[in-house]
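Notes follow the structure.
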Amino acid sequence: VRVIDDPQPYAASTRIIVEVEGERFEVWARSRSQRRRVDEWRGGEWVMAAGERRGLDDDRSRRVAWQHVVGEFRLQWAGDVDPGGPVARASNRVRASIERAATALREPDGSLFRGLVIDDDRDQPREMIERFRSSGLSHLTAVSGQNVAFVLTACGPLRVRLRPWPRWALTIAVIAWFVALTRFEPSILRAGVMAGLSATAFVRGQERSPVRLLSLAVTGLVLVDPLLVWSIGFWLSVGATAGVCTVGLWLSTRLTARLGAFGFLGLPLGVTIGAQVGVVLPSVLVFGRLPLVSIVANLLAVPVAGFVMLYGLPAGLVAGWVPASAPLLMLPAGLGTRWVDTVAVLGDRLEPDPPWVW
(Lines give C-alpha, C1' and ligand atoms only; values in the text may rest on other atoms or scores of the structure.)
Protein backbone atom coordinates (compact mmCIF):
# COMPACT_ATOMS: atom_id res chain seq x y z
CA VAL A 1 0.00 0.00 0.00
CA ARG A 2 1.07 3.61 -0.56
CA VAL A 3 0.70 6.01 2.36
CA ILE A 4 -1.18 9.13 1.24
CA ASP A 5 -0.96 11.33 4.34
CA ASP A 6 0.67 11.40 7.75
CA PRO A 7 -1.14 9.59 10.58
CA GLN A 8 -3.80 11.57 12.46
CA PRO A 9 -4.05 10.62 16.16
CA TYR A 10 -7.42 10.53 17.93
CA ALA A 11 -8.37 9.72 21.51
CA ALA A 12 -8.22 5.93 21.21
CA SER A 13 -7.03 5.32 17.65
CA THR A 14 -4.91 6.61 14.78
CA ARG A 15 -6.28 7.25 11.29
CA ILE A 16 -4.22 7.07 8.14
CA ILE A 17 -5.13 7.00 4.44
CA VAL A 18 -3.51 4.45 2.14
CA GLU A 19 -3.84 3.64 -1.54
CA VAL A 20 -4.46 0.05 -2.64
CA GLU A 21 -4.42 -0.69 -6.37
CA GLY A 22 -5.31 2.90 -7.26
CA GLU A 23 -8.11 3.28 -4.67
CA ARG A 24 -7.91 5.09 -1.33
CA PHE A 25 -8.89 3.53 1.97
CA GLU A 26 -8.76 4.75 5.55
CA VAL A 27 -6.96 2.65 8.14
CA TRP A 28 -7.97 2.86 11.81
CA ALA A 29 -5.24 1.54 14.11
CA ARG A 30 -6.84 0.88 17.49
CA SER A 31 -4.53 -1.50 19.33
CA ARG A 32 -1.42 -0.16 21.00
CA SER A 33 0.91 -2.21 18.80
CA GLN A 34 -0.81 -1.10 15.60
CA ARG A 35 -0.75 2.55 16.68
CA ARG A 36 2.98 2.40 17.40
CA ARG A 37 3.51 0.87 13.97
CA VAL A 38 1.47 3.31 11.87
CA ASP A 39 2.68 6.36 13.83
CA GLU A 40 6.03 5.88 12.09
CA TRP A 41 4.54 6.01 8.58
CA ARG A 42 4.80 9.16 6.49
CA GLY A 43 3.10 10.36 3.33
CA GLY A 44 4.56 8.97 0.11
CA GLU A 45 6.02 5.82 1.67
CA TRP A 46 5.19 2.29 0.52
CA VAL A 47 4.35 -0.31 3.15
CA MET A 48 4.09 -4.09 2.88
CA ALA A 49 0.73 -4.80 4.55
CA ALA A 50 -2.08 -7.33 4.71
CA GLY A 51 -5.72 -6.56 5.45
CA GLU A 52 -9.30 -6.63 4.30
CA ARG A 53 -11.04 -3.96 2.23
CA ARG A 54 -14.55 -2.99 3.29
CA GLY A 55 -17.10 -0.44 2.15
CA LEU A 56 -18.35 2.61 4.07
CA ASP A 57 -21.88 3.59 5.03
CA ASP A 58 -23.45 6.52 3.16
CA ASP A 59 -22.88 9.07 5.92
CA ARG A 60 -19.21 8.21 6.36
CA SER A 61 -18.72 8.05 2.60
CA ARG A 62 -19.98 11.63 2.18
CA ARG A 63 -17.72 12.97 4.96
CA VAL A 64 -14.52 11.54 3.45
CA ALA A 65 -15.48 11.99 -0.21
CA TRP A 66 -13.20 15.02 -0.71
CA GLN A 67 -10.24 12.80 0.22
CA HIS A 68 -11.26 10.23 -2.45
CA VAL A 69 -11.61 7.54 0.23
CA VAL A 70 -13.83 4.67 -0.98
CA GLY A 71 -13.62 2.25 1.94
CA GLU A 72 -11.85 1.02 5.04
CA PHE A 73 -8.74 -1.17 5.06
CA ARG A 74 -8.83 -3.48 8.10
CA LEU A 75 -5.14 -3.82 8.86
CA GLN A 76 -3.99 -7.29 9.95
CA TRP A 77 -0.23 -6.83 9.88
CA ALA A 78 2.35 -4.47 8.41
CA GLY A 79 5.95 -5.11 7.45
CA ASP A 80 8.74 -3.38 5.58
CA VAL A 81 8.56 0.31 4.69
CA ASP A 82 10.04 1.80 1.51
CA PRO A 83 10.75 5.58 1.59
CA GLY A 84 9.02 6.19 -1.75
CA GLY A 85 10.02 8.46 -4.63
CA PRO A 86 12.41 11.43 -4.61
CA VAL A 87 9.66 14.01 -3.89
CA ALA A 88 8.35 11.99 -0.95
CA ARG A 89 11.84 11.44 0.44
CA ALA A 90 12.77 15.11 0.13
CA SER A 91 9.55 16.42 1.72
CA ASN A 92 9.73 13.87 4.55
CA ARG A 93 13.34 14.88 5.29
CA VAL A 94 12.30 18.53 5.55
CA ARG A 95 9.32 17.71 7.77
CA ALA A 96 11.51 15.50 9.96
CA SER A 97 14.00 18.35 10.35
CA ILE A 98 11.21 20.74 11.41
CA GLU A 99 9.94 18.12 13.88
CA ARG A 100 13.41 17.78 15.43
CA ALA A 101 13.75 21.55 15.70
CA ALA A 102 10.33 21.81 17.36
CA THR A 103 11.51 19.57 20.21
CA ALA A 104 13.57 22.55 21.41
CA LEU A 105 10.26 24.23 22.33
CA ARG A 106 8.16 23.12 25.24
CA GLU A 107 4.78 21.61 24.45
CA PRO A 108 2.27 22.61 23.23
CA ASP A 109 4.39 25.35 21.61
CA GLY A 110 6.29 22.77 19.56
CA SER A 111 3.14 21.31 18.03
CA LEU A 112 1.77 24.80 17.33
CA PHE A 113 5.06 25.79 15.66
CA ARG A 114 4.78 22.80 13.32
CA GLY A 115 1.18 23.74 12.55
CA LEU A 116 2.12 27.33 11.69
CA VAL A 117 5.06 26.37 9.47
CA ILE A 118 4.15 23.09 7.72
CA ASP A 119 0.48 22.47 8.65
CA ASP A 120 1.41 19.58 10.97
CA ASP A 121 -1.23 19.76 13.71
CA ARG A 122 -1.19 16.08 14.69
CA ASP A 123 -0.01 16.60 18.26
CA GLN A 124 -1.96 19.73 19.11
CA PRO A 125 -4.09 19.10 22.21
CA ARG A 126 -7.86 19.36 21.93
CA GLU A 127 -7.88 22.40 24.25
CA MET A 128 -5.58 24.30 21.88
CA ILE A 129 -7.68 23.42 18.83
CA GLU A 130 -10.84 24.63 20.60
CA ARG A 131 -9.37 27.94 21.76
CA PHE A 132 -8.04 28.72 18.28
CA ARG A 133 -11.51 28.05 16.85
CA SER A 134 -13.22 30.07 19.56
CA SER A 135 -10.96 33.08 18.97
CA GLY A 136 -11.16 32.88 15.15
CA LEU A 137 -7.48 31.97 14.73
CA SER A 138 -7.78 28.38 13.50
CA HIS A 139 -6.85 29.50 9.97
CA LEU A 140 -3.29 30.14 11.16
CA THR A 141 -2.64 26.40 11.51
CA ALA A 142 -3.99 25.71 8.01
CA VAL A 143 -1.26 26.50 5.50
CA SER A 144 -2.53 28.88 2.81
CA GLY A 145 -1.60 31.88 0.69
CA GLN A 146 0.24 33.64 3.49
CA ASN A 147 2.68 30.73 3.80
CA VAL A 148 3.20 30.60 0.04
CA ALA A 149 3.94 34.34 0.00
CA PHE A 150 6.48 34.00 2.82
CA VAL A 151 8.24 31.06 1.15
CA LEU A 152 8.54 33.04 -2.09
CA THR A 153 9.78 36.04 -0.09
CA ALA A 154 12.47 33.89 1.50
CA CYS A 155 13.58 32.85 -2.00
CA GLY A 156 13.49 36.46 -3.19
CA PRO A 157 17.26 37.14 -3.11
CA LEU A 158 17.83 34.17 -5.43
CA ARG A 159 14.87 34.82 -7.75
CA VAL A 160 15.59 38.53 -8.27
CA ARG A 161 18.94 37.72 -9.90
CA LEU A 162 17.32 35.70 -12.68
CA ARG A 163 15.84 36.76 -15.99
CA PRO A 164 12.01 36.70 -16.27
CA TRP A 165 11.39 33.20 -17.62
CA PRO A 166 14.02 31.42 -15.44
CA ARG A 167 12.58 33.37 -12.50
CA TRP A 168 9.10 32.11 -13.43
CA ALA A 169 10.37 28.51 -13.63
CA LEU A 170 12.01 28.78 -10.20
CA THR A 171 8.85 30.34 -8.74
CA ILE A 172 6.66 27.51 -10.05
CA ALA A 173 9.15 24.93 -8.75
CA VAL A 174 9.19 26.50 -5.26
CA ILE A 175 5.38 26.62 -5.18
CA ALA A 176 5.10 22.97 -6.29
CA TRP A 177 7.68 21.91 -3.69
CA PHE A 178 5.85 23.72 -0.89
CA VAL A 179 2.48 22.28 -1.94
CA ALA A 180 4.02 18.78 -1.82
CA LEU A 181 5.68 19.53 1.52
CA THR A 182 2.31 20.47 3.06
CA ARG A 183 0.58 17.33 1.72
CA PHE A 184 -1.63 18.92 -0.99
CA GLU A 185 -4.21 20.25 1.45
CA PRO A 186 -7.18 21.99 -0.28
CA SER A 187 -6.26 25.42 1.10
CA ILE A 188 -2.67 25.16 -0.10
CA LEU A 189 -3.81 23.87 -3.50
CA ARG A 190 -5.95 26.99 -3.90
CA ALA A 191 -3.08 29.23 -2.78
CA GLY A 192 -0.50 27.47 -4.91
CA VAL A 193 -2.57 27.60 -8.10
CA MET A 194 -3.35 31.29 -7.52
CA ALA A 195 0.33 32.06 -6.97
CA GLY A 196 1.29 30.14 -10.10
CA LEU A 197 -1.32 31.97 -12.18
CA SER A 198 -0.11 35.30 -10.79
CA ALA A 199 3.51 34.51 -11.65
CA THR A 200 2.49 33.44 -15.15
CA ALA A 201 0.45 36.61 -15.72
CA PHE A 202 3.34 38.74 -14.47
CA VAL A 203 5.93 37.22 -16.78
CA ARG A 204 3.55 37.58 -19.74
CA GLY A 205 2.70 41.18 -18.89
CA GLN A 206 -1.00 40.47 -18.28
CA GLU A 207 -3.43 41.90 -15.75
CA ARG A 208 -3.32 40.27 -12.32
CA SER A 209 -6.73 41.01 -10.83
CA PRO A 210 -7.04 39.02 -7.54
CA VAL A 211 -10.70 38.19 -8.18
CA ARG A 212 -9.89 36.93 -11.67
CA LEU A 213 -7.00 34.82 -10.37
CA LEU A 214 -9.23 33.35 -7.66
CA SER A 215 -11.98 32.56 -10.16
CA LEU A 216 -9.57 30.85 -12.54
CA ALA A 217 -7.93 28.89 -9.71
CA VAL A 218 -11.23 27.65 -8.26
CA THR A 219 -12.63 26.77 -11.69
CA GLY A 220 -9.51 24.86 -12.68
CA LEU A 221 -9.25 22.97 -9.39
CA VAL A 222 -12.90 21.93 -9.38
CA LEU A 223 -12.68 20.78 -13.01
CA VAL A 224 -9.63 18.65 -12.13
CA ASP A 225 -11.02 17.40 -8.80
CA PRO A 226 -14.80 17.95 -8.40
CA LEU A 227 -14.74 16.33 -4.94
CA LEU A 228 -13.01 19.43 -3.57
CA VAL A 229 -16.46 21.00 -3.23
CA TRP A 230 -17.02 18.72 -0.22
CA SER A 231 -13.95 20.05 1.62
CA ILE A 232 -14.68 22.50 4.44
CA GLY A 233 -11.08 23.70 4.26
CA PHE A 234 -11.62 24.58 0.60
CA TRP A 235 -14.79 26.53 1.46
CA LEU A 236 -13.01 28.53 4.15
CA SER A 237 -9.94 29.19 1.99
CA VAL A 238 -11.93 30.36 -1.02
CA GLY A 239 -14.36 32.38 1.11
CA ALA A 240 -11.63 34.18 3.04
CA THR A 241 -9.70 34.98 -0.14
CA ALA A 242 -12.81 36.27 -1.88
CA GLY A 243 -13.60 38.45 1.14
CA VAL A 244 -10.07 39.89 1.19
CA CYS A 245 -10.04 40.53 -2.57
CA THR A 246 -13.36 42.39 -2.52
CA VAL A 247 -14.57 43.72 0.83
CA GLY A 248 -11.09 43.79 2.38
CA LEU A 249 -9.32 45.87 -0.26
CA TRP A 250 -12.30 48.22 -0.70
CA LEU A 251 -12.55 48.79 3.04
CA SER A 252 -8.79 49.20 3.46
CA THR A 253 -8.62 52.24 1.19
CA ARG A 254 -11.46 53.97 3.05
CA LEU A 255 -10.14 53.15 6.51
CA THR A 256 -6.66 54.37 5.59
CA ALA A 257 -8.12 57.71 4.48
CA ARG A 258 -10.23 58.13 7.62
CA LEU A 259 -7.94 56.87 10.39
CA GLY A 260 -5.55 59.83 10.25
CA ALA A 261 -2.43 59.09 12.28
CA PHE A 262 -3.55 55.48 12.58
CA GLY A 263 -3.84 55.05 8.84
CA PHE A 264 -1.28 52.23 8.90
CA LEU A 265 -3.98 50.11 10.52
CA GLY A 266 -6.27 50.50 7.52
CA LEU A 267 -4.84 47.64 5.46
CA PRO A 268 -4.62 44.95 8.18
CA LEU A 269 -8.01 45.97 9.61
CA GLY A 270 -9.69 45.94 6.19
CA VAL A 271 -8.12 42.61 5.23
CA THR A 272 -9.12 41.04 8.56
CA ILE A 273 -12.72 42.22 8.30
CA GLY A 274 -12.90 41.11 4.66
CA ALA A 275 -11.65 37.63 5.51
CA GLN A 276 -14.20 37.32 8.32
CA VAL A 277 -17.02 38.39 5.99
CA GLY A 278 -15.90 35.78 3.48
CA VAL A 279 -16.11 32.89 5.95
CA VAL A 280 -19.37 33.85 7.68
CA LEU A 281 -21.51 31.27 5.88
CA PRO A 282 -19.32 28.15 6.31
CA SER A 283 -18.35 29.18 9.86
CA VAL A 284 -21.97 29.42 10.99
CA LEU A 285 -23.25 26.40 9.04
CA VAL A 286 -20.39 24.04 9.92
CA PHE A 287 -19.08 25.22 13.30
CA GLY A 288 -22.16 27.08 14.56
CA ARG A 289 -20.12 30.09 15.63
CA LEU A 290 -18.90 33.49 14.48
CA PRO A 291 -16.37 34.67 17.07
CA LEU A 292 -16.84 38.29 18.11
CA VAL A 293 -13.22 38.62 19.22
CA SER A 294 -11.78 37.35 15.93
CA ILE A 295 -11.01 40.77 14.40
CA VAL A 296 -8.99 41.99 17.39
CA ALA A 297 -7.40 38.56 17.86
CA ASN A 298 -6.30 38.43 14.22
CA LEU A 299 -4.83 41.94 14.35
CA LEU A 300 -2.73 40.91 17.34
CA ALA A 301 -1.78 37.40 16.22
CA VAL A 302 -1.42 37.42 12.43
CA PRO A 303 1.68 39.68 12.16
CA VAL A 304 3.54 37.61 14.76
CA ALA A 305 2.36 34.34 13.18
CA GLY A 306 3.66 35.68 9.87
CA PHE A 307 7.08 36.21 11.42
CA VAL A 308 7.05 32.64 12.78
CA MET A 309 6.16 31.31 9.31
CA LEU A 310 8.83 33.38 7.56
CA TYR A 311 11.59 32.76 10.09
CA GLY A 312 10.56 29.30 11.21
CA LEU A 313 11.12 27.34 8.00
CA PRO A 314 14.82 28.23 7.42
CA ALA A 315 15.57 28.33 11.15
CA GLY A 316 13.84 25.00 11.69
CA LEU A 317 15.80 23.39 8.87
CA VAL A 318 19.14 24.56 10.25
CA ALA A 319 18.17 23.67 13.83
CA GLY A 320 17.05 20.21 12.70
CA TRP A 321 20.28 19.58 10.83
CA VAL A 322 22.52 21.07 13.56
CA PRO A 323 20.84 20.15 16.87
CA ALA A 324 23.38 22.10 18.93
CA SER A 325 22.10 25.35 17.39
CA ALA A 326 18.42 24.59 18.12
CA PRO A 327 18.07 26.34 21.52
CA LEU A 328 19.40 29.64 20.15
CA LEU A 329 17.84 29.52 16.68
CA MET A 330 14.42 28.47 17.94
CA LEU A 331 14.23 31.12 20.67
CA PRO A 332 12.62 33.83 18.44
CA ALA A 333 10.19 31.28 16.97
CA GLY A 334 9.32 30.09 20.49
CA LEU A 335 8.56 33.62 21.66
CA GLY A 336 6.38 34.26 18.60
CA THR A 337 4.54 30.97 18.99
CA ARG A 338 3.87 31.66 22.69
CA TRP A 339 2.48 35.12 21.77
CA VAL A 340 0.07 33.63 19.22
CA ASP A 341 -1.16 31.02 21.68
CA THR A 342 -1.57 33.65 24.42
CA VAL A 343 -3.77 35.72 22.10
CA ALA A 344 -5.86 32.59 21.45
CA VAL A 345 -6.18 31.94 25.19
CA LEU A 346 -7.33 35.51 25.90
CA GLY A 347 -9.70 35.47 22.93
CA ASP A 348 -11.23 32.22 24.12
CA ARG A 349 -11.79 33.67 27.60
CA LEU A 350 -13.32 36.91 26.30
CA GLU A 351 -15.59 35.28 23.72
CA PRO A 352 -19.21 35.18 24.99
CA ASP A 353 -20.46 31.72 25.93
CA PRO A 354 -22.56 30.48 24.24
CA PRO A 355 -21.12 32.12 21.09
CA TRP A 356 -23.23 34.69 19.35
CA VAL A 357 -24.50 33.80 15.89
CA TRP A 358 -25.48 36.75 13.70
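The values are calculated or read from the model by the stated rules, or taken from the named source; none is laboratory data. Remember, predicted model here, so these are calculated numbers, not experimental data. Methodologically, a virtual Cβ is constructed for each residue, glycine included, from the backbone with ideal geometry; neighbour enumeration extends over all protein chains shown. When the accessible area is computed, the model is the full protein with side chains, heavy atoms only, and any ligands, DNA or RNA have been set aside. Shrake-Rupley method; radii C 1.70, N 1.55, O 1.52, S 1.80 Å.
Here is a list of conditions, (1) more than 30 Å from I295 (Cα to Cα); (2) small (G, A, S); (3) open to solvent by less than 40 Å² (accessible area, probe 1.4 Å), and G136 meets all of them except one; can you say which number that is? Answer for G136: the failing condition is (1). Within the range 277-324, being open to solvent by 30 Å² or more (accessible area, probe 1.4 Å) and polar (S, T, N, Q) holds for no residue.
Taking the numbered list (1) crowded, with 21+ Cβ neighbours inside 10 Å; (2) at pLDDT below 90 in turn, A154 passes all entries but (1).
Taking the criterion of being among the aliphatic types (A, V, I, L, M) and under 20 Å from L213 (Cα atoms), the residues of the range 252-285 that qualify are V271, A275, V277, V279.
Answer with yes or no whether F262 is aromatic (F, W, Y) and modelled with pLDDT of 90 or more. Criteria not met by F262. Checking each residue in the range 127-149 for being without any contact (Cβ under 8 Å) to a residue 60 or more places away in the chain and touching a Leu at 6+ places or on another chain (Cβ under 7 Å) picks out only T141.
Filtering L223, L214, L227 for residues that are of a type in the set (A, V, I, L, M, F, W, C), open to solvent by less than 20 Å² (accessible area, probe 1.4 Å) and assigned to a helix (DSSP H, G or I) leaves a single hit, L214. One residue stands out in the range 323-354 among those that are over 25 Å from the mean Cα position of the chain (by Cα) and not in a helix (DSSP H, G or I): the one that is modelled with the highest pLDDT, namely P352. Is it true that some residue in the range 155-164 is closer than 27 Å to I118 by Cβ and in contact with a helix residue (DSSP H, G or I) (Cβ under 6 Å, 6 or more places away or on another chain)? Checked against the condition, which is being closer than 27 Å to I118 by Cβ and in contact with a helix residue (DSSP H, G or I) (Cβ under 6 Å, 6 or more places away or on another chain), the range 155-164 yields at least one hit.
Name the single residue, out of those in the range 1-16 being closer than 16 Å to R122 by Cα and in a loop (DSSP other than H, G, I, E, B), that is modelled with the lowest pLDDT. Going through the qualifying residues, I end up with A11.
For the range 17-98, the strands (runs of 3 or more DSSP E) that sit wholly inside it and include 3 or more residues that are open to solvent by less than 70 Å² (accessible area, probe 1.4 Å) and within 26 Å of D119 (Cβ to Cβ) are 23-29, 69-82. Can you tell me which residues in the range 150-202 are among the hydroxyl-bearing types (S, T, Y), without any contact (Cβ under 8 Å) to a residue 60 or more places away in the chain and part of a loop (DSSP other than H, G, I, E, B)? Across the range 150-202, there are no qualifying residues. In the set T253, T246, T241, only one residue is more than 27 Å from L170 (Cα to Cα), touching a helix residue (DSSP H, G or I) at 6+ places or on another chain (Cβ under 7 Å) and part of a helix (DSSP H, G or I); that residue is T246.
The set of residues in the range 130-149 being in contact with a Ser or Thr (Cβ under 8 Å, 6 or more places away or on another chain) and either at pLDDT 90 or above or assigned to a loop (DSSP other than H, G, I, E, B) (or both) consists of F132, S135, G136, L137, A142, V143, S144. So, in the range 99-120, of the ones that are farther than 18 Å from T342 by Cβ, among the acidic types (D, E) and not in a helix (DSSP H, G or I), which residue ends up most open to solvent (accessible area, probe 1.4 Å)? Restricting to residues being farther than 18 Å from T342 by Cβ, among the acidic types (D, E) and not in a helix (DSSP H, G or I), the top hit is D119. Taking the range 257-271 as the range and being open to solvent by 20 Å² or more (accessible area, probe 1.4 Å) and assigned to a helix (DSSP H, G or I) as the test, the residues that pass are A257, R258, G260, A261, F262, F264, L265, L267, P268, L269, V271. Among residues of the range 220-236 that are over 24 Å from V284 (Cα atoms), those with a Cβ under 7 angstrom from a residue that is of a type in the set (A, V, I, L, M, F, W, C), sequence gap 6+ or separate chain, pair up as G220/V193; L221/L189; L221/V193; L221/L228.
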